[in-house]
Amino acid sequence: MKKLILGAAVFSLAALMIQPASAQKNNTLTAKEKKEGWILLFDGKNMDGWRQCNQTTMAKNWIIDDEAMKVQRGEVAGRGSGGDILFGDKKFGDFELSIDWKIEKEGNSGIFYSIVEYPGKPIYIAAPEVQVLDNWNASDNKLANHLAGSLYDMLPALPQNAKPAGEWNNIVIRVKDNKVTHIQNGEVVCEYTLRSPEWDAMVQNSKFKDWPEFTAGIAKEGYIGLQDHGYDCWFRNIKIREL
């Protein structure tokens, strides 16, 4: 009996020793991340610093749910309620931004950077969009450059590795010296250079070619923003560091 008890105790101790370290809590920074210059844009408790585009207050159709900032489905699916938001406390030029997102079935949304506000104009009028999409069921899934992680309507995310509706994805957007990289779920899926002949050609082959605010050139610094496209969509672990 003593041998059995001792054996069980040794087994239990070994099992404890091989257990993985507890996962990092959502919407927090590790000591290493803080040292590297990361800051949180959302702490999981409130939406301080965020506001509706072209407004001074936060859009009313955003709530905190599942430890995330959630934009709620509109009265008509796919038709937003004007609730595009941005982090208005600071503009960013060269940066690395990391965001976790998940979306409902058929859902569509987006993440924007270098936002410039034009009174009466939408958030996307002069800002690049990183697509957020349910690739399998959304109606806007016919073009490769409309799938999740893509530079919307300009450059497809390849390989396409987004997870299905209801599952969390991670996107890292890195902007440094005009060079931009999208890293989706740990893989580089998009690379391009702003303010270059390559960029100008992509714009001319996109829906933005007739948008004067967009063709005038992307701002060298601007706000970070999230889209209200009329679907339930969640964003958490929103953190950024300047480069």
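The values are calculated or read from the model by the stated rules, or taken from the named source; none is laboratory data. Here the structure is a predicted model, which means the values were calculated and not measured. All Cβ positions, glycine included, derive from the backbone under ideal geometry; neighbour counts span all protein chains shown. Remember, those area values only see protein heavy atoms, side chains included, never the ligands or the DNA or RNA. Shrake-Rupley method; radii C 1.70, N 1.55, O 1.52, S 1.80 Å.
Observations on the structure shown:
- Here the range 100-243 is treated as a sphere whose radius is the Kirkwood value from Cα pairs; by Stokes-Einstein at 25 °C and 0.890 mPa s it diffuses with a coefficient of 160 µm²/s.
- Based on DSSP H segments of at least four residues, each scored -39500 (n - 2.57), the chain has a per-residue ellipticity at 222 nm of -3500 deg cm²/dmol.
- Extending 7 Å from Cα along the Cβ direction at residue 75 and again at residue 31 yields two label points whose distance is 5.4 nm.
- A 1.4 Å probe run over the protein chains yields, for the chain, 51 Å² of accessible area per residue, whole-number rounding.
- Computed accessible area, residue 124, all protein chains, 1.4 angstrom probe, square angstrom: 80 Å²
- Using only the C-alpha atoms, the convex hull of the range 59-179 corresponds to 126 Å³ per residue.
- Largest accessible area first, the listed residues 90, 209, 179 line up as 179, 209, 90 when surface is computed with a 1.4 Å probe on the assembled protein chains.
- Charge-dipole axis of the range 198-243 as Lys and Arg at +1 and Asp and Glu at -1 on Cβ define it, positive-most pick from 243, 214, 204: 243
- Cα-based convex hull volume of the range 47-129 per residue, rounded to whole Å³: 116 Å³
- Residue-wise HN-Hα couplings along the range 148-158, as the Karplus relation 6.51 cos²θ - 1.76 cosθ + 1.60 with θ = phi - 60° gives them from phi, are 3, x, 6, 6, 3, 6, 10, 8, x, 7, 9 Hz; Gly and Pro carry x.
- The magnitude of the dipole of the range 170-242, with charges of +1 and -1 set on the Cβ of Lys/Arg and Asp/Glu and taken from the Cα centre, is near 240 debye.
- Other residues whose C-beta falls under 13 angstrom from the C-beta of residue 154 contribute a net charge of -3, scoring Lys and Arg +1 and Asp and Glu -1.
- Charge dipole (Cα centre; +1 on Lys/Arg Cβ, -1 on Asp/Glu Cβ; no other charges) of the range 73-112 amounts to roughly 120 debye.
- Rounded to the nearest 20, the size of the Cβ-charge dipole of the chain about its Cα centre is 840 debye, with Lys and Arg at +1 and Asp and Glu at -1.
- Cβ-defined net charge surrounding residue 165, 12 Å radius [Lys, Arg +1; Asp, Glu -1]: -2
- In whole percents, the pair-distance distribution calculated for the range 91-162 from its alpha-carbon pairs, binned every 10 Å from zero, is 20, 47, 29, 4.
- With q set to 0.09, 0.14, 0.16 Å⁻¹, the log10 of I(q)/I(0) for the chain, from the Debye formula over equal scatterers at the Cα positions, is -0.41, -0.89, -1.17.
- Accessible surface of residue 203 - all protein chains present, 1.4 Å probe, nearest 10 Å²: 10 Å²
- For the chain, the residue among 183, 158, 113 whose Cα projects farthest onto the positive side of the dipole built from Cβ charges is 183.
- The alpha carbon gyration tensor of the range 139-200 gives principal lengths a ≥ b ≥ c with a/c of 1.5 or higher and a/b no greater than b/c, which makes the shape oblate.
- Within the accessible area of the chain (1.4 Å probe), percent carbon and sulfur: 53 percent
- Summed side-chain charge close to residue 129 - residues other than residue 129 whose Cβ falls under 14 Å, Lys, Arg +1, Asp, Glu -1: -4
- Across the range 37-51, computed HN-Hα scalar couplings (Karplus, 6.51 cos²θ - 1.76 cosθ + 1.60, θ = phi - 60°) run x, 6, 10, 7, 9, 7, 9, x, 10, 8, 10, 4, x, 9, 7 Hz from first to last residue, x flagging Gly and Pro.
- Most mobile listed residue (151, 40, 86) in the chain, GNM with C-alpha springs under 10 Å: 40
- Exposure of residue 188 as accessible area (Å², to 10), given a probe of 1.4 Å and all protein chains: 70 Å²
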